[in-house]
Amino acid sequence: MKNKKFIGLFIFVALIAFIAIKPGKANAYGLNYSKFYVAVNGGLGSTSLGSGYSTKSRGTYNISLGDNYHLNKIVVGGGVSLGYADDGSFDNNYYGNAYSISVDSVYYAAFVKGGYDYHNITPFVKLGYIDYAYTTSYSYAEPQYNYSGVSGVSSEGGILYGVGVKYAFTPNWGVTAQYMGASLSSSITVNNYLIGVDYSF
């Protein structure tokens with residue numbers, strides 16, 4: 001876990017350094033230019049808790065802010081995301097009695113990305129750090145009693161990785177399809193499949 005947090009800190013510092021030292025926006029005829037963007041994404045998130053729980057797929061949504069620097073056809077940049085995920089309901093068995101938990105989460109991420117601009121299409125890869133704050137509701141049934149409640153908030157951080165492709169249908173507007181995965185611990189993995197709309201300033 002310490003290694004993952006160190007990598008996350010390194011990516012965050014690299015993102016700040018990129019924003020601080022990148023060249024300014026070129027004139028309209030230049031090949032090198034910078035574009036700040038905001039994006040809204042939504043799609044399907046698949047969460048695996050391990051430890052005998054089945055994998056669940058539910059909705060996930062986020063808003064992202066970032067900056068892309070275009071060096072001729074090469075695109076490098078980075079950004080941050082804030083999102084929400086319905087991680088699903090998980091059923092298990094505890095000494096022969098039914099045990100169920102429902103998980104929701106809020107997450108934030110910082111990432112760097114690189115891609116290649118081919119006309120209006122830009123495939124890219126991303127790498128970063130992501131942290132999930134989980135809220136867990138539980139219910140436990142015994143022959144004579146039923147228990148339910150909220151177990152509080154727990155935090156899980158780890159490596160963020162992903163690939164995607166953006167299609168720009170105007171100089172400012174574009175749509176993006178991407179896969180975003182996260183390895184949070186030895187037992188928890190998250191796979192997100194997202195479609196989003198972004199605006200570049």
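Structure data summary
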{"quantity": "Condition check for Gly196: closer than 17 Å to Tyr118 by Cβ and either at pLDDT 95 or above or aliphatic (A, V, I, L, M) (or both)", "calculated": "no"}
{"quantity": "Residue selected from region 112-139 under the condition of a type in the set (A, V, I, L, M) and surrounded by fewer than 22 Cβ atoms within 10 Å (Cβ to Cβ), by the criterion modelled with the lowest pLDDT", "calculated": "Ala133"}
{"quantity": "Cross-chain or 6+ apart pairs with Cβ under 6 Å, region 146-171 first and within 24 Å of Ala109 (Cα to Cα) and among the β-branched types (Val, Ile, Thr), then modelled with pLDDT under 95 and assigned to a strand (DSSP E or B)", "calculated": "Val153/Ala133; Val153/Thr135; Ile159/Ser183"}
{"quantity": "Out of Ala109, Ala177, Ala168, sole residue that is modelled with pLDDT under 95 and surrounded by 14 or more Cβ atoms within 10 Å (Cβ to Cβ)", "calculated": "Ala168"}
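The values are calculated or read from the model by the stated rules, or taken from the named source; none is laboratory data. All figures in this text were calculated on a predicted structure; none of them were measured in a lab. Every residue, glycine as well, gets a Cβ built from its backbone with ideal geometry; the counts of neighbours run over all protein chains shown.
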